[in-house]
1. Among the numbered criteria (1) within 30 Å of Asp317 (Cα to Cα); (2) within 16 Å of the ligand (Cβ to nearest atom); (3) surrounded by 18 or more Cβ atoms within 10 Å (Cβ to Cβ), which single criterion is violated by Ala198?
2. Exactly one condition in (1) crowded, with 19+ Cβ neighbours inside 10 Å; (2) at positive phi is not met by Lys236; state its number.
3. Confirm whether Glu220 is at pLDDT 95 or above and under 18 Å from the mean Cα position of the chain (by Cα).
4. Examine the range 214-230 for a residue that is closer than 26 Å to Ala305 by Cα, without any contact (Cβ under 8 Å) to a residue 60 or more places away in the chain and not charged (D, E, K, R), and state whether such a residue exists.
5. All but one of (1) buried (at least 19 other Cβ atoms within 10 Å of the Cβ); (2) within 16 Å of the ligand (Cβ to nearest atom) hold for Val56; which doesn't?
6. Just one of the numbered conditions (1) at pLDDT 95 or above; (2) polar (S, T, N, Q); (3) out of contact with any Lys or Arg (no Cβ under 8 Å at 6 or more places or on another chain) is not true of Asn21; which one?
7. Which residue pairs have Cβ atoms under 7 Å apart, sit 6 or more places apart or on different chains, and have a first residue in the range 74-86 that is not assigned by TED's automatic domain parsing to the domain that holds Thr202 and a second that is assigned to a helix (DSSP H, G or I) and of a type in the set (Gly, Ala, Ser)?
8. Which of the residues that make up the range 267-294 are away from the ligand (no atom under 12 Å from the Cβ) and touching a helix residue (DSSP H, G or I) at 6+ places or on another chain (Cβ under 7 Å)?
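The values are calculated or read from the model by the stated rules, or taken from the named source; none is laboratory data. Everything numeric in this text was worked out from a predicted model, so none of it was measured. Cβ coordinates were reconstructed from backbone atoms using ideal geometry, including for glycine residues, and neighbour counts include every protein chain displayed.
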Amino acid sequence: MPASPRELDAPAAASARAGANFALIKYWGKRDVALNLPDVGSISLTLEALHTETTVRFDPTLAADELVLDGEPAPERAPRISTFLDVVRERAGVRAFARVETANNFPTAAGLASSASGFAALTVAAAAALEQDWDERTLSELARIGSGSAARSIFGGFVEMKRGRYRTGSDSVAKPIADARHWPLQVAVAITTRAEKAVGSTEGMQRTAETSPFYRAWVENQENDLAEARDAIANKDFEHLAEVSEGSALAMHGLAMSARPGLLYFNATTMECLHRIRALRADGVPVFFTVDAGPQVKAICESVALPTVRDALRDVDGVLDVVESGLGPGAALYAP
Ligand code: 2P0
C-alpha cells in the first residue's frame, strides 16, 4: 500500500523553460489513449527561439488547481492540467492544489505545438517544486502523459521518442540522439493562418487509427523511416534527411486524409510553400519541409541557406509571417 499523501506546510514553487519541438519522423497514432502511448516512434528537433515558461506553485490553501495562460485565467484549459498534476502528485506522494502560470513567446493559436513545450516545462517545474529528484527518463515519461510530443521537449537538439512495448509506458520515453552543436540546422516557420486548427491532434490520431484502411501499413513502415533518419543525422547527410523527412510528413498527411471523414490540415498557402521549398532544393538550396496538424510550414535548412529560405517563403502569397529558430536545449529550471 502506498503511504498516504503528505500535506505541504507551506507553498512550494519552481519555474522551468522548455523549447517547442516538431517531428521530422512523425508521431501519428496511439497504442494507449489514456497514457498517450504512441503506436510509432518519432524523431524531432527542439527549437531555441520558441519556448514556454511555466511557474507552478503548490499551495495548501488553494481549493482547486488554477491556470493562467499568457497572463489570462484559462479555466477552460485547467482540467487537462489538473488531470496531469494528479499523476505528478500521486508519484510525489503530495496533496496540494497548484497555481500554474504559463506563457509562450509565440502565439498559442498559431499551430506551433504549445502542448509539447508547455507540458515539458510544467513537468520539470512541478518536479523541482515538490523536491523530486527524478531523472530525465522519468521526466520524459511524465511529460508524455500530459501530451505525447512533450516527452521530446525534455531534451534538446535531435531527439527520438520510443514507441515502447510495456503497457505501463515506462519504456515509451524520449532520448537525445545528438545535441544542437552536432549539426546546427535552422528552421523557418511560414505562418499561413492565425486561426485555431479545426481538429486537434489527439482527436485526429484517434479518427485515423479507427477508420483509415492504411493505418497498419503506416505503423509497419515507421521503423524503416526511423532507421534512415538516425543514419542521416549521424552522418549529417542533408539530402537523405530531406527525403525521409518529407516522405514521413507527406505519408502522415496522406494517412490523415484517408481517415473518414478525411482530415485536411493544409490550406492553399501551405501547398504553395511546399512547392516553393521543393523548387529551392532542385536549385541546390539545402532545405526541406515538414507540416504538422495545422497549416503552418516548417522549412529546415543548413544555416547558410536561411536568408534565401526566409525571403522565398515571405514572397509566397498568403504567408503572414516567417518565424526563425535554431535548435535549442532541453527543458531546464530558471530563476524568474
Ligand atoms: C508530431 N504531432 O510528431 C506529430 C505530428 C502533430 C503532427 O505530436 O494527443 O499534441 O497530446 O499525444 O503531442 C502533436 O500531438 O498529441 C504531434 P497528444 P500531441 O509532432
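1. So Ala198 meets the others, but not (3).
2. With respect to (1) crowded, with 19+ Cβ neighbours inside 10 Å; (2) at positive phi, Lys236 is out only on (1).
3. no
4. Scanning the range 214-230 turns up no residue that is closer than 26 Å to Ala305 by Cα, without any contact (Cβ under 8 Å) to a residue 60 or more places away in the chain and not charged (D, E, K, R).
5. Of (1) buried (at least 19 other Cβ atoms within 10 Å of the Cβ); (2) within 16 Å of the ligand (Cβ to nearest atom), only one is false for Val56: (2).
6. (3) is the only condition that Asn21 fails.
7. Listed pairs, sorted by first residue: Phe84/Gly146; Leu85/Ala126.
8. Of everything in the range 267-294, those that are away from the ligand (no atom under 12 Å from the Cβ) and touching a helix residue (DSSP H, G or I) at 6+ places or on another chain (Cβ under 7 Å) turn out to be Cys273, Arg276, Leu280, Arg281, Val285, Pro286, Val287, Phe288, Phe289.
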